[in-house]
Structure formats: C-alpha cells, structure tokens
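Let me begin by presenting the structure, written as structure tokens, before commenting on it.
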Amino acid sequence: MSDQNAELTERQAAAQRAAELRRLIHEHNHRYFVLGAPTISDAEYDQLFDELDAIEKRYPELITPDSPTQRVGSDLDERLPKVTHPAPMLSLAKAYTADELRAWQARLEKVLDTSAAFTYTVEPKFDGVSVVLTYTDGHLTLAATRGDGYLGDEVTPAVRTIRSVPPRLPSAEAAPPVPRRLVVRGEVVIHKDDFKAFQARMQAEQPEGAAKFVNARNTASGALKQLDPKVAASRPLTFYAFGVVEASEELGERLPRSQYAALQYLRALGFLTSDAVRHFESIEEVIAYVQAFEAHRHDLPFEIDGMVIKVDDLALYNALGIVGKNPRGAIAYKFPPEEVITRLVKVTFNVGRTGMIVPSAELAPVFVSGATIRQATLNNFEDIARKDVRLGDWVRLKRAGEVIPFVIGALPERRDGTEQLILPPERCPFCDAPVVRAEGEIAYYCSNPECPERRARQLEYFVGRGQMDIEGLAERGVRQLIEAGLVRDEADIFALKAEQLEPLEGYGALKVKKLLASIEAAKQRPLDRLIAALGIPGVGLTVARLLLKHFPSLEALQNATFEQLDAVPGIGEALAKTVVAWFAEPRNRALLEKLRAHGVQMAPLESATPRSNALSGLTFVLTGTLPTLTRDQAAALIEAHGGKVASSVSKKTSYVVAGEAAGSKLEKAQALGIPVLDEDGLQALIAERLALRQD
Ligand SMILES: [Zn+2]
C-alpha cells in the first residue's frame, strides 16, 4: 500500500470515528440537558469531547458546523446580517381579566360562525428573547431574533452555543419524522438560579462591569447580539421551544395537527418545552388555570409575565387569520404588574467600601407579590432628581421577580407640601468627613479613607466568598470582631488567637476551632485572590489575573511604574493611576508587610497550579470528619491534582469523600448511586490515576 493510500484510510477511519463521537456527544447532551438523566460521568463526557477535538485538530476539514466542538464558535468580523422570517412573527393581543378572555372566546365563535367545540392550549409566557430556528435536513442552519416581526437579526453562531438547542434533530427509526425544512419558534431565557450564579460570578470577576447585569432578559438579549459567540457561550442561556412555524409538506398527515401535539412533537425531537403546558376544553377551565397559576408564577425556573392561550387545532388557528397585527387565534393573559403604592418615610445613606454613598428608601411596610417590603433602593442622587422623588412622598414601588424592589416614581398629586427634597449629605453619616463628588462621576463619596464604615465594608469584602473566603466571618462575623477591638485591619484577622475569641458572644469551642482553621486555610489563597481582596478600586479577580500575567510577583506589581502599567493591554490610564497610587500609599505598603508577617502566602501564581491532572474532570463533595486531613486540606489536595470540589451533591458529582459523622450528603450520594470514598480511598484514587497517566 502506498503512503498516500495509508493516509487516506487513516483519514477515513478518523472521519468515521468523528461522526460516531458527534452522535454520542449529542446524545449525552440531550440526556444531560433535556432529560436531566445523564448515563455517563462528566469525565467520560470530557474524554469523548477531547477525542473529537483532537481528531478535528488533526483533520480540520472534518469539522462540521454542528460539531459540539464548534459550540464556542469562531470569531465573526461583520455586523449581524438580517433575516426575513418565513411567516411574520406576530405579537399577541393582551387580556388582563377573565372577562376579556371570555370576550375573546365569544369573538372566535362569531368569526367561526359555529358552536362546534374548539379546545385550547395554555402555556407560560416567557419573559425572554424570542428566536426562530430553521432546520434543513435535520440540521440547524439558521437562527434569528424576532426583530420587528418581519426582519430579524441573524444570531446563528450565538444560538449554536446554547446547549439546549439541538444542533441536529434525531434521525433514528424510532424518532418522530423530521421534515426536510422545519422552522421552530421559541424563547431564549436565563433560568433564575443560573442568573443569580452568573451575577455572583460577574461580581467576583469584574465588579466594575457587573452592575449592568440586572435583568435576565436583557442579559440574554445582549449575549445573542454579540458578534463574538464566546460571549453567548459564557452566559447560561436556555432555549424553550413553543411552536412549529413552518414545516415542508412532504410528511403531510404525519406532522402534528394541534398546538398541544406540536409541543409534544418538539419535545420528542429533543427540545425543551415548558412543563406548565396544559390542554383545556373550555374557556372557564382556562380561566381557572391561569388565575391559579398566578400565585405560583415565581415557582417556575424562569421569569414569566403571563400565560399564552391558543386555539389548539392548527387548521382552525390558521383559518382564524390575523386581526390588525395580532393572530386572532391566540391571546396573552398578562398578570397584573407587581407594583404597589406606599409612603417613603425615611432615607438612609449607606457607605460602601470605596466610600460611595448609596441612598436607600425606608417605606411604610407594604405587601407585594408574596412579601412584605420595608426598603427599596434609590440607586443614586441623579436618579432621585430625575424621578423627582421626595421624602414623605407617596411612591410607586416595583418588585420584579426576585430583584430588590425599587422606586419607580412619585405621585406628585398626593403631595401636601410637607415633602422634602432628597439631597446628598454634606458629611459622611458614619465619620462626619466631608462628602465629595468625583470628577465626571454621578456618585458621591465619603472622603475619609479611614472611615470606620468604609473599613468595615472593606473587611467584609476581604473575607467574602471569591476573595479570601473565610467561612465564619461572613455577614456580621467580621463586624463583631471589629466592635470587640480585635480586628482593625485585614492583617489582624490572621493574628487572632483562641483565647481572644472564646469570651465573645456566640463563640463556643467548636466555632473557635473552625474559624481558626478557615483563617489558616485562607493564608494559602492564590495571589490573584489576595490582590482582588485588597479592595484596590477597579481591581477584581479578572484585572488581578491580568496584572499578574505581566507582573508575576507581588514585588513586581508593587514596583510597577505608571508607564509600565499603562502599557499593559486592557489596563487603561485611569486604572494604571489607581494601582500606582494604591501601592504608593504607606498604609497599604504597611498592610502588605503585616499580612506577610502573619503568614499570608504571597508566592507567585505558578506555585498554586495543580501538581498533576490526575483528577481532572472529576468533581468531589466532602462530608464528615476525615481521620487525618481537615476539610480544607482535602479540598486543596483534590484541587492540586486538578479535581473540583463542590459543596453539594448532584448528578454532576463524581465521588463523595465521607468521613465520620457524615450527614445528608452521604445519604444523597447513596440515593443517587454516586461512589463514596474514605480518606484512604481518595489517596488510592489519586495514586491509581497518577500511575495511569504515567503509562
Ligand atoms: Zn465616612
């Protein structure tokens, strides 16, 4: 056989294997993301993925657009193209009351000129971004936003990164029939839990930019419209299908003929559909369902703003046609806005760790969407002036989902003349230092760097998750130590002794022991976390890592000049100035010395990198007391070998490491069939996998 032939055969084998791997990965994605019942471990999944990636790197011509490796897509360099929708993506007429639903039903009967029964499907009305997906020969070929209903933005690369969007529809014998062309409409949302986690991650990674992610829908929409699909890939987007827009006709009668059947069909094809979908015979049943649903609207994993009711029979639905710009056969029942009116009785000023003064409204208690509200944010003084909200005003208050309630505006017609303008305080309410406004900013600041409130807030931040992560000092913990005179700065925390803590209220022997252990562990945090924890304005974890890339040790960073910092791509002039100024401040230099003297590790990042990848791809949960290792030491050991440590047991957990007095986590692991190791078992696993890697 010639060399050329040998190569060809090898390539053919690779092509075959790549196709097989893609099929497997798609199948496991479906099991994991849609069915929620994976049949392989994350590590095994990663192996399949890595193998495919390796083949595609070797033979780039084998890469297909629907390959799972392409889900973090390549860079685009042009603006979003426009797509004409196959049928107009209409918006729905709205109903706010039961009578409006009955009136809609009466109009339908009149138009149809029949008393023949028709039935309804009821679905949640997603508060997300509507998109239209086109599948050609079973492959996702086009994705577009709703746009103006006729023209949409093409967002195919971003949509390909969404794991709940099947890149390919099943073609097996047992699968439902797939037409040559299928157009599906649905909604891209961010689940509430995912959004919270995403906000926390943004807060930790880039606190300066995190504030813009206040609304899940806007965050989803922003992600879809980025030219770089990596942005979409980094946001926790989920797609729910809610309708078949168009299907080529060759399948005829085998295609679903009702909306309810269409949703089941979409689900069978691998799409997510809402579990709250119902089918009803009469409008009164529909009304009972939507009204009862309102009380549970917050129980769904995603935000909704109402329910959609459609005539179930698709032929009838289409025959009903369009009235104005709405389809006649569907209507949106909107839940009443969660808005109430109450009195603004007091304004308090909070001072953050940077000194920023944040006004907060104290309200006459009011009940809205299941909770009593006493406080609301007023954002900033510019916002207060723009809305003309005054102390003593009756205000409109909104609680959107689980977001902190905020004041929408005042009711000036209810004023009696006793209301007062809300102005920034001239002096800090905590330290009486003058309040200043930074050039070009809308915020006001306490001008005193030693302000006790600022210091307390900084210390709270320092010990917080994502920074030094000292369990036991969160919330009020660190304040108690400040008030007891035990802690004045960050370094004092590392000098705490058991005999100082024991007399404090709420400190038993066990709590003291635990706290000292977690302080000890915090001394070993990697340098990027330490730098982010220092509270240098504008320096979160992302910036800290960027800085360390160019100035790998604390000494190098401390001695970096403005010119050197300014030259780093991604570090602007203002940030360079701030960093230089922070390190030039004698009290900050003294703090770093003191931290070092108290044993806080400041070694360059390299030493924190894993010693091996033996546990790479595995996720561990620790529970109970191990014979020789503390919880933190065990976690460090796992992480040093490339494993992950999670706090709760889930289907993603590879192993639970259990010691004495293990509790509910162990039970859950057993219930889920997750293997349980003791400390020796963990060591054996590492040794075994190290040996494997060396072969
Ligand atoms: Zn102050």
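The values are calculated or read from the model by the stated rules, or taken from the named source; none is laboratory data. Note that the structure is a prediction, hence the values are computed from the model and not measured. Heads up, the Cβs are rebuilt from the backbone with ideal geometry, glycines too, and the neighbour counts pull from every protein chain shown. What goes into the accessible areas is simple: the full protein's heavy atoms, side chains included, and nothing from ligands, DNA or RNA. Shrake-Rupley method; radii C 1.70, N 1.55, O 1.52, S 1.80 Å.
Some notes on this structure:
- Every residue from the range 645-679 that is closer than 15 Å to Arg631 by Cβ, out of contact with any Ser or Thr (no Cβ under 9 Å at 6 or more places or on another chain) and not in a loop (DSSP other than H, G, I, E, B): Leu677
- Segments classed as strands (runs of 3 or more DSSP E), wholly inside the range 249-362, with at least 2 members that are more than 27 Å from the chain's Cα centre (by Cα) and β-branched (Val, Ile, Thr): 304-311, 339-351
- Scanning the range 438-448 for residues that are within 14 Å of the ligand (Cβ to nearest atom) and more than 33 Å from the chain's Cα centre (by Cα) yields Ser447, Asn448.
- For Val159, the test of being assigned to a strand (DSSP E or B), over 16 Å from His85 (Cα atoms) and open to solvent by less than 10 Å² (accessible area, probe 1.4 Å) is failed.
- Hits in the range 162-184 (condition: hydrophobic (A, V, I, L, M, F, W, C) and part of a loop (DSSP other than H, G, I, E, B)): Ile162, Val165, Leu169, Ala172, Ala174, Ala175, Val178
- The range 401-426, residues that are within 16 Å of the ligand (Cβ to nearest atom) and surrounded by fewer than 13 Cβ atoms within 10 Å (Cβ to Cβ): Glu426
- A count restricted to the range 289-312 and to residues that are surrounded by 20 or more Cβ atoms within 10 Å (Cβ to Cβ) and touching a Lys or Arg at 6+ places or on another chain (Cβ under 8 Å) stands at 6.
- Hey, Val435 touching a residue at least 40 places away in the same chain (Cβ under 8 Å), crowded, with 16+ Cβ neighbours inside 10 Å, away from the ligand (no atom under 16 Å from the Cβ) and of a type outside the set (S, T, N, Q) or not: no
- Residue match in the range 185-202 (condition: within 29 Å of the chain's Cα centre (by Cα), within 30 Å of Leu547 (Cα to Cα) and assigned to a loop (DSSP other than H, G, I, E, B)): no
- In the set Leu504, Leu459, only one residue is away from the ligand (no atom under 16 Å from the Cβ), on the phi < 0 side of the Ramachandran plot, free of Cβ contacts under 8 Å to residues at least 60 places away in the same chain and out of contact with any Ser or Thr (no Cβ under 8 Å at 6 or more places or on another chain); that residue is Leu504.
Okay, residues lined up against (1) touching a strand residue (DSSP E or B) at 6+ places or on another chain (Cβ under 6 Å); (2) within 16 Å of the ligand (Cβ to nearest atom):
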| position | (1), (2) |
| --- | --- |
| Asp312 | yes, no |
| Ala319 | no, no |
| Arg328 | no, no |
| Phe335 | yes, no |
| Gly355 | yes, yes |
| Pro359 | yes, yes |
| Glu362 | yes, no |
| Thr372 | yes, no |
| Asn379 | no, no |
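- The set of residues in the range 203-248 that are surrounded by fewer than 14 Cβ atoms within 10 Å (Cβ to Cβ), in a helix (DSSP H, G or I) and of a type in the set (Gly, Ala, Ser) contains only Gly209.
- When Ser664, Ser616, Ser650 are screened for being under 28 Å from Leu527 (Cα atoms) and open to solvent by 20 Å² or more (accessible area, probe 1.4 Å), only Ser616 passes.
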